[in-house]
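Trainee: Take a look at the following structure, please.
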Amino acid sequence: MNNGPPLSEHSAGAIASDNSAQNPANTSHTTVTPINDESAFQSATSSLPPSALLVLYFHAPWAEPCKQMSTVLSTLASTYPSTPDLAFLAIDAEEVSDVSEHYDVTQVPYIVLQKNGQVLETISGGDAAGVRQAVEKHAGAPQGNPGKFGLPPAQKVTKPLGTEPVGAEHQQGQGQQNGTKNLSGYAPGGGDAQTAPQYSSGENNEASKEELNGRLGELVKAAPVMLFMKGTPSAPQCGFSRQTVSLLRDRGIRYGFFNILADDEVRQGLKEFSDWPTFPQVYVGGELVGGLDILKEEFENDPDFLKDYSVGQRMTGGPAA
């Protein structure tokens, strides 16, 4: 688990506003502060004392689960009074990629609780009750009755003595037995909303969709290993793409690439084509392997993963990077 960046000794009030509409008391309550670049993150964190509890919420605007989590965190924050000892920061995981990399964010929504420069707990996915439990555990009970604002009840887990607390990292570790990991947990669930654009009505819709799928089918086979990324290998435009390029390069893997930022039709269509809503995406032999997290898992489980496509191995296929 990574430690968060150190915070300065300067103390200032937490970002807050008067939410008297939701909270009857005429007092100022904590709000969620949007963070869209690294300088805003540094400014927000440096204005708080090291002992402040930071609730860092990594999100992406296209991710459907983040919409609900944004509402949950905004409501939860409003149940706490404004204080320099507590701050909620909503960080765009793709736009603020350096901060996302620092906290090893590979999926959204992802919540990090940090205090005194140390990560206390992380929660991944849309577990609203788990988020409330974690915040109340480290920030104390909120004012009033959060349930009346629509928040789910905090989880109550009775654990045997001597066991580790049940948090996101523990949950992710379940299924890791005998050196193997259950990778199915990383795949989008069947209940996830479709992120690909809806096609308008008309006779040519199906034909247009078939043409796009035909094009995508060719693109994923353009090279034995294909990387669909934001930017190019020499100039990645997001931290996840940069990490993926580094993984492949460090292992001498030859690969083709496609810059999805240069073609929005491919960018949106590939989400539905692969049933995988995030980028980067890695394909081998035209078959989806997954994103950065899956690629890391594969290399951890099998050091020879993709060895057949490394420099010096004879391959056939399209152009490679």
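Trainee: Of (1) over 27 Å from Tyr103 (Cα atoms); (2) in contact (Cβ under 8 Å) with a residue 12 or more places away in the chain, Pro233 satisfies all except one. Which?
Mentor: Failing condition for Pro233: (1).
Trainee: A follow-up question, please. List every residue pair whose Cβ atoms sit under 9 Å apart, with the two residues 6 or more apart in sequence or on different chains, where the first one lies in region 262-275 and is at positive phi and not assigned by TED's automatic domain parsing to the domain that holds Gly214 and the second, anywhere, is part of a helix (DSSP H, G or I) and among the β-branched types (Val, Ile, Thr).
Mentor: So the pair list comes out empty.
So that you can scan it fast, the table gives a plain yes or no per residue for (1) in contact with a helix residue (DSSP H, G or I) (Cβ under 6 Å, 6 or more places away or on another chain); (2) at pLDDT 90 or above; (3) crowded, with 17+ Cβ neighbours inside 10 Å; (4) over 29 Å from His59 (Cα atoms):
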{"residue": "Phe228", "(1), (2), (3), (4)": "yes, yes, yes, no"}
{"residue": "Leu248", "(1), (2), (3), (4)": "no, yes, yes, no"}
{"residue": "Tyr283", "(1), (2), (3), (4)": "no, yes, yes, no"}
{"residue": "Val311", "(1), (2), (3), (4)": "no, no, no, yes"}
{"residue": "Thr316", "(1), (2), (3), (4)": "no, no, no, yes"}
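Trainee: A further question follows. Pick from region 237-270 the residues that are among the aliphatic types (A, V, I, L, M) and not in a strand (DSSP E or B): which of them is nearest to Tyr309 (Cα to Cα)?
Mentor: Restricting to residues being among the aliphatic types (A, V, I, L, M) and not in a strand (DSSP E or B), the top hit is Leu248.
Trainee: Also, I was wondering about something else. Test Phe273 against the stated conditions and say whether it is surrounded by 20 or more Cβ atoms within 10 Å (Cβ to Cβ), among the hydrophobic types (A, V, I, L, M, F, W, C) and assigned to a helix (DSSP H, G or I).
Mentor: yes
Trainee: With (1) closer than 20 Å to Gln237 by Cβ; (2) crowded, with 20+ Cβ neighbours inside 10 Å; (3) of a type in the set (Ser, Thr, Tyr); (4) at pLDDT 90 or above as the list, and Ser39 as the residue in question, which single condition is left unmet?
Mentor: Among (1) closer than 20 Å to Gln237 by Cβ; (2) crowded, with 20+ Cβ neighbours inside 10 Å; (3) of a type in the set (Ser, Thr, Tyr); (4) at pLDDT 90 or above, the lone unmet condition for Ser39 is (2).
Trainee: Would you check if Glu287 is buried (at least 16 other Cβ atoms within 10 Å of the Cβ) and either at pLDDT 90 or above or among the acidic types (Asp, Glu) (or both)?
Mentor: Taking the combined requirement at face value, the residue does not satisfy it.
Trainee: Filter region 95-113 for residues that are touching a helix residue (DSSP H, G or I) at 6+ places or on another chain (Cβ under 9 Å), within 26 Å of Pro81 (Cβ to Cβ) and not in a loop (DSSP other than H, G, I, E, B) and give the result.
Mentor: Passing the criteria: Ile111, Leu113.
Trainee: List pairs: first residue in region 34-58 and in a helix (DSSP H, G or I), second residue of a type in the set (D, E, K, R) anywhere in the structure, Cβ distance under 6 angstrom, at least six positions apart or on different chains.
Mentor: From residues that are in a helix (DSSP H, G or I), the pairs are Glu38/Asp98.
Trainee: I've got another one for you. Within region 250-262, which residues are surrounded by 13 or more Cβ atoms within 10 Å (Cβ to Cβ) and not charged (D, E, K, R)?
Mentor: Gly252, Ile253, Tyr255, Gly256, Phe257, Phe258, Asn259, Ile260, Leu261
Trainee: Can you tell me which residue within region 118-167, out of those that are at positive phi and surrounded by 13 or more Cβ atoms within 10 Å (Cβ to Cβ), is modelled with the highest pLDDT?
Mentor: Going through the qualifying residues, I end up with Gly125.
The values are calculated or read from the model by the stated rules, or taken from the named source; none is laboratory data. Note that this is a predicted model, so its numbers are computed, not measured. Ideal geometry is used to build each Cβ from the backbone, glycine not excepted, and the neighbour counts take in all protein chains shown.
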